[in-house]
Amino acid sequence: MKITDQCSLNDNNKMTPSIAVMIAEGIETPRSEDEFLQAWQYIYNSGLYLQLQGWYGRRIEDMIREGILDA
């Protein structure tokens, strides 16, 4: 996979599963802290973390406990 300097949301400026995962994995650089949080919130809200490696769920639990993500 190619590492880019800036992440691009899809044409409708919406988060997608692949973009969210690439941001969470550090493959894509988010354009802002808000986009970083949007990616993690998307992974949580969509339930995608349940299909991914366990560290996603653990990180989401931490982020919710710290008040970073909305549960």
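Looking only at residues that are in a loop (DSSP other than H, G, I, E, B) and touching a residue at least 24 places away in the same chain (Cβ under 8 Å) in region 17-58, which one is nearest to residue 69 (Cα to Cα)? Give the steps one after another, and end with the answer.
Residues of region 17-58 in a loop (DSSP other than H, G, I, E, B): 26-32, 46-47, 52-53.
With the extra rule that they be touching a residue at least 24 places away in the same chain (Cβ under 8 Å), the set shrinks to 27-29, 31, 46, 52.
Values: 27: 21, 28: 20, 29: 19, 31: 18, 46: 13, 52: 18 Å.
Within region 17-58, the match that is nearest to residue 69 (Cα to Cα) is 46.
Return the residues of region 30-65 that are closer than 10 Å to residue 20 by Cα and open to solvent by less than 40 Å² (accessible area, probe 1.4 Å); say none if nothing qualifies.
Of everything in region 30-65, those that are closer than 10 Å to residue 20 by Cα and open to solvent by less than 40 Å² (accessible area, probe 1.4 Å) turn out to be 30, 35, 39, 40, 41, 43, 48.
Restricting attention to region 9-29, which residues are acidic (Asp, Glu) and surrounded by 14 or more Cβ atoms within 10 Å (Cβ to Cβ)? Reasoning before the result, please.
First, the residues of region 9-29 that are acidic (Asp, Glu): 11, 25, 28.
The one that is acidic (Asp, Glu) and surrounded by 14 or more Cβ atoms within 10 Å (Cβ to Cβ): 28.
The values are calculated or read from the model by the stated rules, or taken from the named source; none is laboratory data. Computed from a predicted model, the values in this text were never measured in an experiment. Because the Cβ atoms are built from the backbone with ideal geometry, glycine has one as well, and the counts that use them run over all protein chains shown. These accessible areas exclude ligands, DNA and RNA; they are computed on the full protein's heavy atoms, side chains included. Shrake-Rupley method; radii C 1.70, N 1.55, O 1.52, S 1.80 Å.
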